[in-house]
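Below you'll find the structure, written out as structure tokens, and then a few comments.
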Amino acid sequence: MNIVRSAATVGGTTLISRLLGFLRDVMVAAALGTGPVADAFFVAFRFPNMFRSIFAEGAFNSAFVPLFARRLEGEGEAAARRFAEDALAVLLVALLVLTIVAELAMPWIMVVFAPGFSDDPQKFALAVEFTRIAFPYLLFISLTALQSAILNSLGRFFPGAAAPVMLNITLILAILFLVPLTDNPGRALAWGVAAAGVVQFLWLAVSLWRAGMVLRLRMPRLTPDVRRLFRLGVPGVVAGGITQVNLTIGTMIASLQAGAVSWLYYADRIYQLPLAVIGIAIGIVLLPELSRRLRAEDHGGASWSQNRAIEFSMLLTVPAAIGAGVLSADIIHVLFERGAFTAADTAATSLALVIYAAGLPAFVLIKVFQPGFFAREDTKTPLRFAAISIAVNIAVSLALFAPFGFAGIATGTSVAAWVNAGQLGTRLYRRGEFAPDAQLLRRLPLILLASAGMGAALWFGASALAPFFAGDLATGIAALFALIAGGILVYFSLCQITGAIRLADLRRAFTRG
């Protein structure tokens, strides 16, 4: 398996999804703005979307892929399919029970997830209603995660990566055709979220059929394999979804400040693009690669794969973080400042984006380091580190919220990410399961140097293009994309000059092997 080529498949498809997501958010911002309906919808969307990110973006893989791959290679396709069917049966029952309980207990759940809404009965009632409508999305997206994990184990990364495209298309259609028919756009969008779960499930069901891996529904049985799956899966889900857990905690605290939930949401949408395209994509393809090498006792190859994954991810993440920080105000202004989204909203959201950008390399490193544990069927160690990270996030967010408001919450999220990434990397190093090789140690400083040069170029370029950013949407987007394209050209030219990466290296990375 070529890690870079496979990651490019996942990342490229994810990029299409996130671009559609930006279009969706531009439309949502114009329709909802940052008022009570928007806050209620974003809390409702955050709840199932948190589980989407936890399950669908690699965490379920952490437990399932190594076990499924072992059955597939050691006992054949029939045994692997039987294991997947047993997992499906138990997972379906558990999800149905969870969904029913959550629907009934939603008012109490909302008190926990958005405590600040309790002071506004209308906003609280809307949040409960919207979340009840959208919550069945969790059931379908969790089943979709199982389907995607099977396809990833078979080396078919595209269908799972394309599933979020279906989410964005469904929500865009809801905005275009359902919102005009209702008196509450938030309610229409909540129904769109629920429908998107069904669409994604059907998309991957067809993909499994094409792969010759059709799953039959069996009576649920807690077989030894299923028990091990859930023993590994529960801590893996928490550890794999640590970023989303921290963001959800931030949403809870932000509900105490008017508008803060929306500001953090829009900033989150921007930095989630490079996180998904780079970090999540590499994490998804690295796990089966490490699992395969470790089963073959190729520990040297596993270490080489881990080093190249870090090198490639930082090659793209460091300039993305610097670019997001330098262009934060311009990005938010061009994409969102229209309709009910004001200049004050732009200033607040861009500040949050700068803080999130400072943590972006850590968010990506978490996704790159975790497969080193998951491939060895160790999900408890990342869970312990995740618990520490959550504690750090809560402590920093609460300490800084009073003096700095929503900016303190964003700071807590980024600080917690660096703590988590540092613990994961250090533990792998101390266990002798990862050591930075000479190539990685030589290229990381050069990547930072080239990124700094690109940041300076973007700073001057943004000043020159400021009049175009103030124009209409089409002009602003064209100017922004031209500036970003210029930054990319400057960056890779500096990489070639400094030796951070050579064109020959990129060509080899995308060849088959």
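The values are calculated or read from the model by the stated rules, or taken from the named source; none is laboratory data. What you are looking at is a predicted structure, and each value in this text was computed from that prediction instead of being measured. We place every Cβ from the backbone using ideal geometry, glycine too, and count neighbours over all the protein chains shown. Areas reflect the complete protein model, heavy atoms only, side chains present, ligands, DNA and RNA absent. Shrake-Rupley method; radii C 1.70, N 1.55, O 1.52, S 1.80 Å.
Within the range 107-125, being modelled with pLDDT under 90, open to solvent by 20 Å² or more (accessible area, probe 1.4 Å) and more than 22 Å from the chain's Cα centre (by Cα) holds for Ile109, Val111, Val112, Pro115, Ser118, Asp119, Asp120, Pro121, Gln122, Lys123.
Check whether at least one residue in the range 303-326 is at pLDDT below 80 and open to solvent by less than 10 Å² (accessible area, probe 1.4 Å), and report yes or no. No, the range 303-326 contains no residue that is at pLDDT below 80 and open to solvent by less than 10 Å² (accessible area, probe 1.4 Å). Of the residues examined, Gln244 is not one that is open to solvent by 10 Å² or more (accessible area, probe 1.4 Å), at pLDDT below 90, closer than 27 Å to Phe117 by Cα and assigned to a loop (DSSP other than H, G, I, E, B). Checking the structure you have, find out if any residue of the range 251-260 is open to solvent by less than 20 Å² (accessible area, probe 1.4 Å), more than 24 Å from Ala329 (Cβ to Cβ) and modelled with pLDDT under 75. Checked the range 251-260: no residue is open to solvent by less than 20 Å² (accessible area, probe 1.4 Å), more than 24 Å from Ala329 (Cβ to Cβ) and modelled with pLDDT under 75. Could you tell me whether any residue of the range 462-479 is in contact with a Ser or Thr (Cβ under 7 Å, 6 or more places away or on another chain) and open to solvent by 70 Å² or more (accessible area, probe 1.4 Å)? Checked the range 462-479: at least one residue is in contact with a Ser or Thr (Cβ under 7 Å, 6 or more places away or on another chain) and open to solvent by 70 Å² or more (accessible area, probe 1.4 Å). Scanning the range 206-224 for residues that are surrounded by 15 or more Cβ atoms within 10 Å (Cβ to Cβ) and not in a loop (DSSP other than H, G, I, E, B) turns up Ser207, Leu208. A single entry from Leu181, Leu95 fulfils the requirement of being touching a Leu at 6+ places or on another chain (Cβ under 6 Å) and surrounded by fewer than 20 Cβ atoms within 10 Å (Cβ to Cβ): Leu95.
Residues in the range 90-138 that are touching a Lys or Arg at 6+ places or on another chain (Cβ under 9 Å), among the hydrophobic types (A, V, I, L, M, F, W, C) and more than 30 Å from Arg221 (Cα to Cα): Phe113, Ala114, Phe117, Leu126, Phe130, Ile133. Cβ-Cβ contacts under 6 Å between residues 6 or more apart (or on different chains), taken from a first residue in the range 154-182 that is without any contact (Cβ under 8 Å) to a residue 60 or more places away in the chain to a second residue that is of a type in the set (Ser, Thr, Tyr), are listed as Pro159/Ser207. Candidates are the residues of the range 447-456 that are open to solvent by 40 Å² or more (accessible area, probe 1.4 Å) and touching a residue at least 12 places away in the same chain (Cβ under 8 Å); the one that is farthest from Thr498 (Cα to Cα) is Ala452.
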